1. For region 93-116, what are the residues that are charged (D, E, K, R), under 30 Å from residue 65 (Cβ atoms) and free of Cβ contacts under 8 Å to residues at least 60 places away in the same chain?
2. From the list 51, 26, which residue is at pLDDT 95 or above and of a type outside the set (Gly, Ala, Ser)?
3. Within region 69-76, identify whether any single residue is within 23 Å of residue 50 (Cβ to Cβ) and free of Cβ contacts under 8 Å to residues at least 24 places away in the same chain, and answer yes or no.
4. Which residue is nearest to residue 108 (Cα to Cα), if the candidates are limited to region 40-93 and must be among the aromatic types (Phe, Trp, Tyr) and open to solvent by less than 80 Å² (accessible area, probe 1.4 Å)?
5. Would you call residue 73 over 20 Å from residue 41 (Cα atoms) and among the hydrophobic types (A, V, I, L, M, F, W, C)?
6. Determine whether region 89-98 contains at least one residue that is out of contact with any Leu (no Cβ under 8 Å at 6 or more places or on another chain) and under 23 Å from residue 25 (Cα atoms).
7. Is it true that some residue in region 83-96 is of a type in the set (Phe, Trp, Tyr) and more than 19 Å from residue 48 (Cα to Cα)?
8. Exactly one of these conditions fails for residue 103: (1) outside any strand (DSSP E or B); (2) touching a strand residue (DSSP E or B) at 6+ places or on another chain (Cβ under 8 Å); (3) surrounded by 15 or more Cβ atoms within 10 Å (Cβ to Cβ). Give me its number.
Amino acid sequence: MLFLLGGNDKKSRKAEAPRTENMEVVKELFMTGRFPVVTTESVEGRALGKVLGLVVCRGYDSDEAFFGMAARAVNKGAQAIIGYKENVAFHPDGSKYFCCYGTAVQFEKPKKAITV
């Protein structure tokens, strides 16, 4: 019964999301524009070749959730994320919980021009 009065220790400690090995690589790819993350269903000027599926990451830090999602997409072999969305849950204790998700995709390979 004491746990009801004492609060929830698990909630007060911010859970550390599982770190992916390539988080710094993914940040560099995104910041340099080599890994697009768009809210639209396509990337302008690029034809979609293969849909790899939904990628989702959650966490108490927005950067951690966003780049965790991007890292999961890169781990699947993605070249971009389309249909990106995010949700934020506000808890009564003032903390926020972020959820980022989108569809990991690969682009079609550019067709080489045939010279005669």
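1. 96
2. Details: 26 fails: at pLDDT 95 or above.
51 is the lone residue from the list that is at pLDDT 95 or above and of a type outside the set (Gly, Ala, Ser).
3. Step one: list which residues in region 69-76 are within 23 Å of residue 50 (Cβ to Cβ), which gives 69-76.
Adding the requirement that they be free of Cβ contacts under 8 Å to residues at least 24 places away in the same chain leaves none.
No, every residue in region 69-76 fails to be within 23 Å of residue 50 (Cβ to Cβ) and free of Cβ contacts under 8 Å to residues at least 24 places away in the same chain.
4. Start the filter on region 40-93 by keeping residues that are among the aromatic types (Phe, Trp, Tyr), which leaves 60, 66-67, 84, 90.
Those still in the list that are open to solvent by less than 80 Å² (accessible area, probe 1.4 Å) too: 60, 66-67, 84.
Working: 60: 35, 66: 25, 67: 24, 84: 20 Å.
Ranking the qualifying residues of region 40-93, first place goes to 84.
5. On the way: over 20 Å from residue 41 (Cα atoms): no; among the hydrophobic types (A, V, I, L, M, F, W, C): yes.
Judged against the criteria, residue 73 is not a match.
6. Quick first cut of region 89-98, residues out of contact with any Leu (no Cβ under 8 Å at 6 or more places or on another chain) only: 89-98.
Among the residues that remain, those that are also under 23 Å from residue 25 (Cα atoms) are: 98.
Yes; the residues of region 89-98 include at least one that is out of contact with any Leu (no Cβ under 8 Å at 6 or more places or on another chain) and under 23 Å from residue 25 (Cα atoms).
7. Yes: one or more hits.
8. Result: residue 103 passes all but (1).
The values are calculated or read from the model by the stated rules, or taken from the named source; none is laboratory data. As the structure is a prediction and not an experimental result, all values here were calculated from the model. Note that each Cβ is placed from the backbone with ideal geometry, even for glycine, and that neighbours are counted across all protein chains shown. Quick note on the areas: whole protein, heavy atoms, side chains included, nothing else; ligands and nucleic acids left out. Shrake-Rupley method; radii C 1.70, N 1.55, O 1.52, S 1.80 Å.
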